[in-house]
Amino acid sequence: MRNILVIIILLICNLAFAQPPKVKESKMLDFVSKKGVIMKFEDFNLPKIKSAYGNCEVKIRKIVSGEIAKYFLQISKKGKYNTVTSSIAYEDIIEIEKALTALKIQATKDISTRADYLENKFISDDEFLLGYYVSKNKITWYMKLDTGNDGTVFLKSDEVIANALKTGREKITLLKQE
């Protein structure tokens, strides 16, 4: 009985003094949250992404903090009550493009699945999700701009997002040369 009481007290103390998990900020939020510097934002619009249920705005956002410039591909979807935006750092664009290439290869095999449902996806460091699901031998590509329900965008094809990523990467490369 005494041992049980000691264990319970230790558990209560452990819970009382436990630190909440640290929330990981996105690369963009981490960069723009610096204090004591002048912050400049420049936007460069790109062609919209045509999805199954509307369009997504796409742009490059250049952020200059002091002497340092960073570039982000931003994809925005207007929802019923708000606009959901994903900001993808340049280095993540490259990783997402590599993942998309691998997903396309896997999709050609997965189309003939005997499973009732199959899902395959990639999630970037900043929680941008790109993937597809197969149901009734039909592939549906999608991306998720945030963790909420309004952030899911169903794409007409994988080429739609491939083109947006390529255009974004190329625009950032040009802007870096200026």
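Apply the Karplus curve 6.51 cos²θ - 1.76 cosθ + 1.60, θ = phi - 60°, to the phi angles in region 70-81 and return the couplings in whole Hz, x for Gly and Pro.
For region 70-81, the Karplus curve yields 10, 10, 9, 7, 10, 10, 10, 10, 7, x, 5, 10 Hz.
Run the Debye formula on the Cα coordinates of region 58-130, all scatterers equal and no solvent, and tell me log10 I(q)/I(0) at q = 0.16, 0.24 1/Å.
-0.74, -1.08
What FRET efficiency comes out for Lys40 versus Ile94 if R0 is 35 angstrom and r is the Cβ-Cβ distance? Round to the nearest 0.05.
With R0 = 35 Å, the Cβ-Cβ based efficiency is 0.90.
Using a ≥ b ≥ c from the Cα gyration tensor of region 45-99 (square roots of the eigenvalues), is it rounded, prolate or oblate, where a/c under 1.5 gives rounded and otherwise the larger of a/b and b/c decides, a/b for prolate?
It comes out oblate by the Cα gyration axes.
Report the extension gain between Ile139 and Thr167 in nm, rounded to one decimal, defined as 0.36 nm multiplied by the number of residues separating them, less their alpha carbon distance.
This chain segment gains 7.7 nm when fully extended.
What full-extension length gain, to one decimal in nm, is calculated for Ser65 and Phe122 as 0.36 nm per residue of separation minus the Cα-Cα distance?
17.5 nm
Quick note: the coordinates plus some simple rules give every number you see, no bench work behind them. The model shown is predicted, which means the values in this text are computed figures rather than measured ones. Note: ideal-geometry Cβ built from the backbone for every residue, glycine included; neighbour counts use all protein chains shown.
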